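Every number here is computed from the coordinates shown, using simple stated rules; none is lab data. What you are looking at is a predicted structure, and each value in this text was computed from that prediction instead of being measured. Note that we place each Cβ from the backbone using ideal geometry, even for glycine, and neighbour counts take in every protein chain shown.
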Amino acid sequence: MSKITREQVEYVAGLAQLELDDAAKARLQQEMGEILSYMDKLNELDTSNVEPMMHAMEMTNVFREDCAGESLAREAALRDAPQQDGEYFIVPKILDTEGGA
């Protein structure tokens, strides 16, 4: 007997906005049932002496130190801008401020 019903498969498919034919529903019912059975098998393991962790393998931060450095000169920053006025980037207006909130 499957651990998941056809109605549950249809419910989950509806939440995911999927349209499934009968063959797909049957396949998913079997596959989801197998996943739940495997989870039951995992739940049988004694994990009382296992510390919780975020990842299965030890991970370290690979980022460099965050330290202040020299800023890019304005002329260099604006050099390849499609439009600029010598001091600022010029970009298209995207917000309507007239009569808006």
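Annotations for the structure displayed:
- Whichever lysines have a C-alpha closer than 18 Å to that of LYS41, once near sequence neighbours (fewer than 8 apart) are set aside: LYS3
- In region 27-101, a dipole from Cβ-located charges (positive for Lys and Arg, negative for Asp and Glu) runs towards its positive end, and of THR60, GLN29, ASN49 it is GLN29 whose Cα lies farthest in that direction.
- Evaluated with a Cβ-only charge set (Lys, Arg +1; Asp, Glu -1), the chain carries a dipole of roughly 220 debye about its Cα centre, given to the nearest 20.
- Sorted peptide list for 68-78, 18-28, criterion being average Cβ within 10 angstrom, highest first: 18-28, 68-78
- Net charge of neighbours whose Cβ lies under 11 Å from the Cβ of GLU19, counting Lys and Arg as +1 and Asp and Glu as -1: -1
- Net lengthening on full extension, LYS25/GLU65 (0.36 nm per residue, minus Cα-Cα): 9.3 nm
- The chain: most fluctuating residue of GLU87, GLU31, GLU65 per GNM, C-alpha cutoff 10 Å: GLU87
- Fewest-first ordering of THR5, THR47 by other beta carbons within 10 Å of each residue's beta carbon gives THR47, THR5.
- Full-extension gain in nm, VAL50 to GLN83, via 0.36 nm per residue minus C-alpha separation: 6.1 nm
- Structure-based [θ]222 nm, the chain - -39500 (n - 2.57) summed over DSSP H runs of at least 4, per residue, nearest 500: -11500 deg cm²/dmol
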